[in-house]
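Asks: Mind looking over this structure? Questions follow.
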Amino acid sequence: MTSAQPKKPTRRTKPNVDKLAAAAVNDDVALGAIEAASLLGVSRSVWYRLIAEGKAPPPDIRINARVVRWKARTVKQCANGLKAA
C-alpha cells in the first residue's frame, strides 16, 4: 500500500471579492496584497514593486514577518496619488 502524499498548499492568486466589496463601504477593512493590488488594477508583484520604489505605502498592519495588511483607506489614497501623478 502506498500512502497518500499530503497536498502542498497553493498560493491564493485571486482577490477575495467579499473583502473588496467591504472595502468599498468601510475604509478600515484590512486588505492583503492581492486585494490591495486589485483595487489599483495591478498584479501582486507590481504592488510589491511599487512599495519597494516608495510609490505605494508600507503595510499598516504587520501580523508576523510574512503576513501584512493595508487598510482600505491607505490603498485608496495611494490609488488617488498614482492617478494624479
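Asks: Anyone know which of GLY54, GLY41, GLY32 comes out most mobile in the 10 Å Cα GNM of the chain?
Replies: Checking each option, the largest mean-square fluctuation is seen for GLY54.
Asks: Using helices alone, I'd like the mean residue ellipticity at 222 nm for the chain: each DSSP H run of four-plus residues gives -39500 (n - 2.57), total over residue count, nearest 500. Numbers along the way, then the final one.
Replies: Working: 4 runs with 39 residues, N = 85.
For the chain, the value works out to -13500 deg cm²/dmol.
Asks: Pick from ASP60, ASP27, ASP18 the residue whose mean-square fluctuation is largest in a GNM of the chain, springs joining Cα atoms under 10 Å.
Replies: Checking each option, the largest mean-square fluctuation is seen for ASP18.
Asks: Additional query: Straight distance only, please: which lysines reach the Cα of LYS55 with their own Cα at less than 30 Å, same-chain residues fewer than 8 apart left out?
Replies: Reachable lysines: LYS14, LYS19, LYS71, LYS76, LYS83.
Asks: Near LYS7, which lysines are there with a Cα under 19 Å away, not counting those fewer than 8 places off in the same chain?
Replies: List returned: none.
Asks: While we're looking at this one, here's another question. If I build a Gaussian network model for the chain, linking alpha-carbon pairs within less than 10 angstrom, which residue out of ARG11, ARG73, ARG62 has the largest mean-square fluctuation?
Replies: ARG11
Asks: If R₀ is 30 angstrom, what is the calculated FRET efficiency for the pair ASN26 and TYR48, using the beta carbon separation as r and rounding to 0.05?
Replies: Values: r = 25 Å, r/R0 = 0.82.
So the FRET efficiency works out to roughly 0.75.
Any read-out appearing in this document is the output of simple, stated calculations on the displayed coordinates, not a laboratory observation. Predicted model, so just to flag it, every value in this text is computed and none were measured. Here Cβ is always computed from backbone atoms with ideal geometry, including for glycine, and neighbour counts include all displayed protein chains.
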